[in-house]
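K.L.:
Right, I'll just put the structure down here and ask away after.
The values are calculated or read from the model by the stated rules, or taken from the named source; none is laboratory data. Fair warning: this is a prediction, and the values are worked out from it, not measured in the lab. A quick note on method: Cβ atoms are made from the backbone with ideal geometry, for glycine too, and the neighbour counts reach across all protein chains shown. To get the accessible areas, we keep the full protein, side chains included, count just its heavy atoms, and leave off ligands, DNA and RNA. Shrake-Rupley method; radii C 1.70, N 1.55, O 1.52, S 1.80 Å.
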Amino acid sequence: MEEKLKTLEQIVKETSNCEHRISFDGNEWKMYIVASQTIFRGALSEVIDCATEEFLSYREASKHGEHSNNYKYAY
């Protein structure tokens, strides 16, 4: 699990527009991705897997030079 979290953290660090919210209501985890208005629900591991797949599937190389921002990719 820790490795999955580290992978997601790295993706978010290098990809712009990855604002998200994660919550737990006692039954299931929910992750809301702001840019796409996507909600993933389920076990924490499932939510992390879905978010990781979402960000990797839809991000593109940043069109701005590395000097203009700190992101390699844009979601």
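K.L.:
Residues being under 24 Å from K72 (Cβ atoms) and outside any strand (DSSP E or B): count how many of those fall in segment 1-36.
P.N.:
19
K.L.:
Let me ask something additional. For N27, which of the numbered conditions (1) open to solvent by 60 Å² or more (accessible area, probe 1.4 Å); (2) touching a strand residue (DSSP E or B) at 6+ places or on another chain (Cβ under 9 Å); (3) farther than 21 Å from E2 by Cβ fails to hold?
P.N.:
That leaves (2) as the condition not met.
K.L.:
Additional query: Within segment 32-54, can you find the residues that are of a type in the set (A, V, I, L, M) and farther than 18 Å from E3 by Cβ?
P.N.:
I33, V34, A35, I39, listed by residue number.
K.L.:
Considering segment 37-46 alone, what residues qualify as being of a type in the set (A, V, I, L, M) and open to solvent by 60 Å² or more (accessible area, probe 1.4 Å)?
P.N.:
I39
K.L.:
Something else now. Checking V34 against (1) in contact (Cβ under 8 Å) with a residue 40 or more places away in the chain; (2) open to solvent by less than 70 Å² (accessible area, probe 1.4 Å); (3) within 11 Å of the chain's Cα centre (by Cα): exactly one of these is not met. Which one?
P.N.:
Condition not satisfied by V34: (1).
K.L.:
Which one is modelled with the lowest pLDDT, of the residues in segment 47-75 that are open to solvent by less than 90 Å² (accessible area, probe 1.4 Å) and of a type in the set (S, T, N, Q)?
P.N.:
Here the answer is S68.
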